């Protein structure tokens, strides 16, 4: 499919960008920096036309996305980063960690010379404060429930050594919460700033005081609805200690962009360097007009990199009839994943039947994999009208005079809902369900999907399941009953929107969480993983469809050194913590 980018959005997008630049130079406290020394990025994904929460920079409030949009590669840094392409651990604020033999504690050894942006030393007291404060915080503070579950206390044995004591064996806590950096946005906080503040209400914002304070190489100098400006700190600790050179961009600017089309136009005009992903057609059309645009792969149609997530059709398992396993199976056999991929995504995604990421596939889904044997046994990737008829009959439905599935004369209404960023799947999925006899219709694409999935105000929803980057448990654990809540009560974790509950599965997950992962088919871990996967595939609380390969787009006009399949030094996603390594890898092209 060829997409012709319209001229009107380009004009409006450029006008918007010009307005932003004029706004910045009009501020006395913000000096002028040339474009070729400025890195311009947008937030990831679908965003409103203006930046939000401009006076609240709390990195742990999940409704405030600064730690995902900008802070992770400007103000804040992490103890460790992970190159998900290889699994390599990259020490940063810390030098190393080690567990006790029983995994009931972990010792973190910090790097000497790390400093906060106000000159205070970064110490183990900051690690202690952060982990304990978040564990004691109310639910609106992101990850508080997980910290409360795992963290007992933190001991400081010297300024550079913190010992995390766990309530139960926690062999993956450091990796998952302090090093993975996928959607794990949990920076260490400066205790001298946060001590005594209300963890739920502190805004962490006062530019005159230098807030937000972090250890990163950039400081926030302006925050408006039109742009956020971060200027490089030449007194950054990494350069002072010769740990790393100063990053090349003197300024990073975050600007809003509300549509795929507008992002394409900004790329064509060299007004942005990266940020929001592009749809494949938009990327190819923009690239035809600007040969400086690149993505992860040098050739299509699969331009993008896996992002550790897939698209899933989620059933609300606390609502009738959407908790009926026979209905789940009927819907599964109505779906043709190859067709969804071809029509919705021009062949750029990968059909899957479970949310096991490509990042872990080589280790756990290779030849002879017992997990793959479970997926093969359940064989839900099998479009079949005969099986649709069989399972709908078991669910008590019959086709009415219009050929539509009905029970007691009432057709089963099937509202197909998606967020805007999964909209390409909406039309082909709806059509497939219609062809299988379901009274399917496309629901409006709006911003109600997140509160509705959070509070259980839906029947079905196409959403993402971000899970197994390193091991099977990372996805399997999301089906634990501890994430379920009654309808109308907010769940703590949107990816667990199915509200599925199974005590037998809970017991298996509980066992897996306290032992290290192992791909050995004879290990207790793998045997439990196989048993857990078998239960999930039997009950199908959600139907996994396509692994998500985003066309992450970078503009090489002003900056080069972006990650790619040829140079996979880190995964390429701006909202992940390790994008900070990209900032430190960029070099100017010399274009002015």
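Normalised by the number of residues in the chain, the mean separation of alpha-carbon contacts (under 8 Å, six or more apart) gives a relative contact order of 20 percent. If a/c stays under 1.5 just call it rounded; otherwise compare a/b with b/c (prolate if a/b is bigger, oblate if not). Do that for region 437-592, with a ≥ b ≥ c from the square roots of the Cα gyration tensor eigenvalues. Verdict is oblate for region 437-592. Gap in Å between the Cα centre of region 236-262 and the Cα centre of region 517-592? Here the two parts' Cα centres lie 21 Å apart. Region 55-109 and region 290-319 have their alpha-carbon centroids 24 Å apart.
Computed over region 119-190, relative contact order equals 31 percent, with contacts defined as Cα pairs under 8 Å that lie 6+ residues apart. With a Förster radius of 60 Å, plug the Cβ-Cβ distance of residue 407 and residue 239 into 1/(1 + (r/R0)^6) and report the FRET value to the nearest 0.05. Efficiency for this residue pair is about 0.30. Modelled spin-label separation between residue 37 and residue 538, with each label point placed 7 Å from Cα along the Cα-to-Cβ direction: 6.5 nm.
With a simple spin-label model that places each label point 7 Å from the Cα along the Cα-to-Cβ direction, the separation between residue 385 and residue 55 comes to 6.2 nm. For region 80-194, rounded, prolate or oblate, judged on the Cα gyration tensor with a ≥ b ≥ c (square roots of eigenvalues), a/c < 1.5 rounded, else prolate if a/b > b/c? Note, shape of region 80-194 comes out rounded. Once the Cα atoms are used to define both axes, helix 524-539 deviates from the longest principal axis of the chain by about 60 degrees.
What full-extension length gain, to one decimal in nm, is calculated for residue 289 and residue 152 as 0.36 nm per residue of separation minus the Cα-Cα distance?
Numbers: separation 137, 0.36 × 137 = 49.32 nm, distance 5.62 nm.
Here the segment from residue 289 to residue 152 would lengthen by 43.7 nm.
Compute the angle between helix 7-25 and the longest alpha-carbon principal axis of the chain, please, reported from 0 to 90 degrees and rounded to the nearest 10. Long axis of 7-25 versus the principal axis of the chain: about 30 degrees.
Okay, which of region 101-133 sit inside 11 Å, backbone N to the point 7 Å along the Cα-Cβ direction of residue 207? So the set is empty, nothing qualifies. Put a dot 7 Å past the Cα of residue 132, heading toward its Cβ, do the same for residue 118, and the two dots end up 2.0 nm apart. When the helices of the chain are scored as -39500 (n - 2.57) per DSSP H run of n ≥ 4 and the total is divided over every residue, the value at 222 nm lands at -8000 deg cm²/dmol. If R0 equals 25 Å, the separation of the Cβ atoms of residue 431 and residue 400 corresponds to a calculated FRET efficiency of about 0.80. For region 332-432, a/c is not less than 1.5, where a ≥ b ≥ c are the root eigenvalues of the C-alpha gyration tensor, and a/b does not top b/c. That puts it in the oblate class. Once Cα Rg over 2.2 N^0.38 Å is calculated for the structure shown, the corresponding label among (1) 0.98; (2) 1.79; (3) 1.31 turns out to be (1). For an R0 of 60 angstrom, estimate the FRET efficiency from the Cβ-Cβ distance between residue 523 and residue 140 and round to the nearest 0.05. Computed FRET efficiency for residue 523 and residue 140: 0.95.
Taking every DSSP beta bridge that has both ends in the chain, the antiparallel portion is near 85%.
Quick note: the coordinates plus some simple rules give every number you see, no bench work behind them. Keep in mind that this is a model prediction, so the values were computed, not measured. Cβ coordinates were reconstructed from backbone atoms using ideal geometry, including for glycine residues, and neighbour counts include every protein chain displayed.
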